[in-house]
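Report on the following structure.
The values are calculated or read from the model by the stated rules, or taken from the named source; none is laboratory data. Computed from a prediction, not measured in an experiment: that's the story for all the values here. Counting neighbours? That spans all protein chains shown, and the Cβs are built from the backbone with ideal geometry, glycine included.
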Amino acid sequence: MPTRIRLRRTGRKGQGYFRIVVAHQEMARDGRVVATLGHYNPRANPAVIEVDVAQARAWLDKGATPTDTVRSLLRRAGVLGRAAAGAGATVAPEAAAPPAPSAGE
């Protein structure tokens, strides 16, 4: 069964606090989870992101797919790089388009 790395909401109404968890794809948002990787508090200034990097990388290596929001959080926490976020596709800086010529040339 495919697994996803996603957010699980905790906290009271209007005071959202999230755990970063690994769960089966078909489970409910706040349903049973396989593992807890960390937490995210968007209400703090600045937002607090704490992730167990080794455990997160292990789950990514096993094939767990992060949601878009968790992917951006993992990127900010340093678990994912830009190249790793593209589902295995690497983007080389040389592959970028050449700069446009200036008006004086």
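Which residues, counting only those in the stretch 15-28, are within 17 Å of residue 49 (Cβ to Cβ) and assigned to a strand (DSSP E or B)? Show your work before the answer.
First pass over the stretch 15-28, keeping only residues within 17 Å of residue 49 (Cβ to Cβ): 16-22.
Residues satisfying the conditions are 17, 18, 19, 20, 21, 22.
For the stretch 1-28, name all the residues that are of a type in the set (Lys, Arg) and either over 15 Å from residue 72 (Cα atoms) or more than 17 Å from the chain's Cα centre (by Cα) (or both).
If we filter the stretch 1-28 for residues that are of a type in the set (Lys, Arg), which is where we start, we get 4, 6, 8-9, 12-13, 19.
Passing the criteria: 8, 9, 12, 13.
Being over 30 Å from residue 12 (Cβ atoms) and either surrounded by fewer than 16 Cβ atoms within 10 Å (Cβ to Cβ) or at pLDDT 90 or above (or both) narrows it down to one of 61, 52, 68, so name that one. Steps first, please.
Details: 52 fails: over 30 Å from residue 12 (Cβ atoms); 68 fails: over 30 Å from residue 12 (Cβ atoms).
Checking each option against the conditions leaves just 61.
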Considering residues that are under 10 Å from the mean Cα position of the chain (by Cα), in a loop (DSSP other than H, G, I, E, B) and among the β-branched types (Val, Ile, Thr), the number found within the stretch 29-85 is 2
All but one of (1) assigned to a loop (DSSP other than H, G, I, E, B); (2) modelled with pLDDT under 90 hold for residue 94; state the number of the condition that does not hold. (1)
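Which is of a type in the set (D, E, K, R), free of Cβ contacts under 8 Å to residues at least 12 places away in the same chain and loosely packed, with under 13 Cβ neighbours inside 10 Å, of 32, 9? Even if it seems obvious, please write down each step before you answer.
On the way: 9 fails: free of Cβ contacts under 8 Å to residues at least 12 places away in the same chain.
Residue meeting the stated conditions: 32.
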